[in-house]
Amino acid sequence: MVTQEKPTFWYFAFLPFLKTIHMMVYLFLLSKVVMAKKFGGENNLIKKWSQILMTSFGIFIFSYVSYFVLVQFPFFKIEYDYLISITMSLSIFMIGYLGFQ
């Protein structure tokens with residue numbers, strides 16, 4: 001009989017709030033690092049790039065959270081789900097675009 005081991009972080013798949021907390025902590029720590037770093041001259045472009053990247057990630061987190069919150073309410077319609085999905089897709093696209101720039 002073959003048994004399969006669970007991956008180390010298997011609980012992230014079942015508890016979306018843990019993913020959310022993890023992403024929020026990561027964004028918070030990332031913003032602290034970027035704000036603490038001194039940028040000057042040509043490095044201002046790097047600062048602007050990192051701020052746009054963090055903003056895109058923040059929009060993704062907000063969209064992710066809004067889905068799990070709004071789905072609990074009776075007024076939530078399938079059209080809202082499409083809007084949230086589009087927002088998440090655009091933020092992921094922006095993160096990918098900035099990553100390859």
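The values are calculated or read from the model by the stated rules, or taken from the named source; none is laboratory data. For clarity, every value in this text was computed on a predicted model and none was experimentally measured. Because the Cβ atoms are built from the backbone with ideal geometry, glycine has one as well, and the counts that use them run over all protein chains shown.
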(Q) It is to be established whether one or more residues within region 87-100 are at pLDDT below 90 and exposed (fewer than 13 other Cβ atoms within 10 Å of the Cβ). (A) yes
Q. Do the conditions hold for LYS38, that is, is it among the basic types (Lys, Arg), assigned to a helix (DSSP H, G or I) and either loosely packed, with under 13 Cβ neighbours inside 10 Å or at pLDDT below 85 (or both)?
A. no
Q. Can you find a residue in region 76-94 that is outside any helix (DSSP H, G or I), of a type in the set (A, V, I, L, M, F, W, C) and at negative phi?
A. yes
Q) For region 46-60, which residues satisfy the criterion of being over 8 Å from the mean Cα position of the chain (by Cα) and hydrophobic (A, V, I, L, M, F, W, C)? A) ILE46, TRP49, ILE52, LEU53, MET54
Q.
Can you find a residue that is closer than 17 Å to PRO16 by Cβ and touching a helix residue (DSSP H, G or I) at 6+ places or on another chain (Cβ under 8 Å) anywhere in region 36-56?
A. no
Q. Restricting the first residue to region 41-61 and requiring it to be more than 26 Å from MET88 (Cβ to Cβ), which pairs with a second residue that is in a helix (DSSP H, G or I) meet a Cβ separation below 9 Å and a spacing of at least six or different chains?
A. none
Q) Failed condition for GLN72, given (1) over 16 Å from PHE17 (Cα atoms); (2) loosely packed, with under 11 Cβ neighbours inside 10 Å, with all others met? A) (1)
Q: Go through the residues of region 46-53 one by one and say whether even a single one is in a helix (DSSP H, G or I), surrounded by fewer than 11 Cβ atoms within 10 Å (Cβ to Cβ) and either at pLDDT 85 or above or not polar (S, T, N, Q) (or both).
A: no
Q: Would you mind telling me which numbered condition in (1) over 20 Å from TYR26 (Cβ atoms); (2) out of contact with any helix residue (DSSP H, G or I) (no Cβ under 8 Å at 6 or more places or on another chain) PHE76 fails?
A: (2)
